[in-house]
């Protein structure tokens, strides 16, 4: 049985499903290694314009697997400390793979997103939540820390430092309604409609130019690390000029508007 399922539910949309529902899609290495590899492969699939990540069953991802972690690859001859570092690198690489993908990545949070599952959702570019979804930074409740897989970097920038401190220090549950209110998810939808709503968002993105969407994702992430407003405006300006001067996308938009039709962007 494959713990990662990859489907094409609509043209241009790739659905990646964590497929271990009996364990609430926990982050065993048997799940995370093929997830990392699948994301890297999808990133260079030029027929894919948008990626949706979800979990099988009634949960998105429950974080660390408390019963069995699976096997960390390529650890022959290593001692415990080095194995631990390799294990963390595998999980970190999943988060970075999402960040590095050319395509926008939508988290379809269909239930519990706990610990590393919360981090996985935070790493995605967009998040839609089912009404039953909830988020928990579980590490603090388990005698560990809640700061893992980049969430201490991502969450404060996404919802503000005060809210992030509250959620990460207390380990309390954040339900879908609160997640929408504080801006962590863009919308909450009925459970049965979650994937279709994600596909609708994806269809909207596919209607824009390929290069425009890719550059917008890259520049939004670059803004996290921008040293100043001037520096980021410089990056934005060059990106806008690049698309404006090397394609006829803008002219196509004007022509389509005058002719009363939907624009077709070719990036040429």
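Whether any residue in region 42-58 is surrounded by 15 or more Cβ atoms within 10 Å (Cβ to Cβ), in a helix (DSSP H, G or I) and modelled with pLDDT of 95 or more is what I want to check.
Let us first name the residues in region 42-58 that are surrounded by 15 or more Cβ atoms within 10 Å (Cβ to Cβ), namely 42-43, 48-57.
The next check asks that each one be in a helix (DSSP H, G or I); those that pass are 42-43.
Pick out the ones that are also modelled with pLDDT of 95 or more and you get 42-43.
Looking for residues that are surrounded by 15 or more Cβ atoms within 10 Å (Cβ to Cβ), in a helix (DSSP H, G or I) and modelled with pLDDT of 95 or more, one finds at least one in region 42-58, hence yes.
Which members of region 34-58 meet the condition of being more than 16 Å from the chain's Cα centre (by Cα) and more than 14 Å from residue 3 (Cβ to Cβ)?
Scanning region 34-58 gives 44, 45, 46, 47, 58.
Please give the helices (runs of 4 or more DSSP H) falling wholly within region 104-220 in which 3 or more residues are more than 15 Å from the chain's Cα centre (by Cα) and in the same structural domain as residue 9 (by TED's automatic domain parsing). First the steps, then the outcome.
Values: elements: 116-123, 151-159, 161-170, 176-181, 194-206.
Output list reads 151-159, 161-170, 176-181, 194-206.
Please go through region 133-146 and pick out each residue that is crowded, with 16+ Cβ neighbours inside 10 Å and in contact with a helix residue (DSSP H, G or I) (Cβ under 7 Å, 6 or more places away or on another chain).
Residues of region 133-146 crowded, with 16+ Cβ neighbours inside 10 Å: 133-140, 146.
Scanning region 133-146 gives 133, 134, 135, 136, 137, 140, 146.
Residue under question is residue 109, and the condition is that it be closer than 30 Å to residue 267 by Cβ, surrounded by 14 or more Cβ atoms within 10 Å (Cβ to Cβ) and touching a strand residue (DSSP E or B) at 6+ places or on another chain (Cβ under 9 Å); does it hold?
Details: closer than 30 Å to residue 267 by Cβ: no; surrounded by 14 or more Cβ atoms within 10 Å (Cβ to Cβ): yes; touching a strand residue (DSSP E or B) at 6+ places or on another chain (Cβ under 9 Å): yes.
It is false that residue 109 is closer than 30 Å to residue 267 by Cβ, surrounded by 14 or more Cβ atoms within 10 Å (Cβ to Cβ) and touching a strand residue (DSSP E or B) at 6+ places or on another chain (Cβ under 9 Å).
Among the residues that make up region 62-82, is at least one of them within 30 Å of residue 207 (Cβ to Cβ), crowded, with 17+ Cβ neighbours inside 10 Å and in contact (Cβ under 8 Å) with a residue 60 or more places away in the chain? It would help to see each step written out before you state the result.
First pass over region 62-82, keeping only residues within 30 Å of residue 207 (Cβ to Cβ): none.
Checked against the condition, which is being within 30 Å of residue 207 (Cβ to Cβ), crowded, with 17+ Cβ neighbours inside 10 Å and in contact (Cβ under 8 Å) with a residue 60 or more places away in the chain, region 62-82 yields no hits at all.
Out of region 215-268, which residues are touching a helix residue (DSSP H, G or I) at 6+ places or on another chain (Cβ under 9 Å), free of Cβ contacts under 8 Å to residues at least 24 places away in the same chain and closer than 25 Å to residue 98 by Cα?
216, 218, 219, 222, 223, 226, 232, 235, 236, 240 - these are the residues of region 215-268 that are touching a helix residue (DSSP H, G or I) at 6+ places or on another chain (Cβ under 9 Å), free of Cβ contacts under 8 Å to residues at least 24 places away in the same chain and closer than 25 Å to residue 98 by Cα.
For region 1-19: of the residues being in a loop (DSSP other than H, G, I, E, B) and within 19 Å of the chain's Cα centre (by Cα), which is surrounded by the most Cβ atoms within 10 Å (Cβ to Cβ)? Quick ask: steps written out before the conclusion?
As a first pass, look at region 1-19 and keep what is in a loop (DSSP other than H, G, I, E, B): 1-3, 11-12, 19.
Checking which are within 19 Å of the chain's Cα centre (by Cα) leaves us with 3, 12, 19.
Working: 3: 20, 12: 17, 19: 18.
For region 1-19, the residue satisfying everything is 3.
The values are calculated or read from the model by the stated rules, or taken from the named source; none is laboratory data. Here the structure is a predicted model, which is why all the values come from computation and not from measurement. Note that each Cβ is placed from the backbone with ideal geometry, even for glycine, and that neighbours are counted across all protein chains shown.
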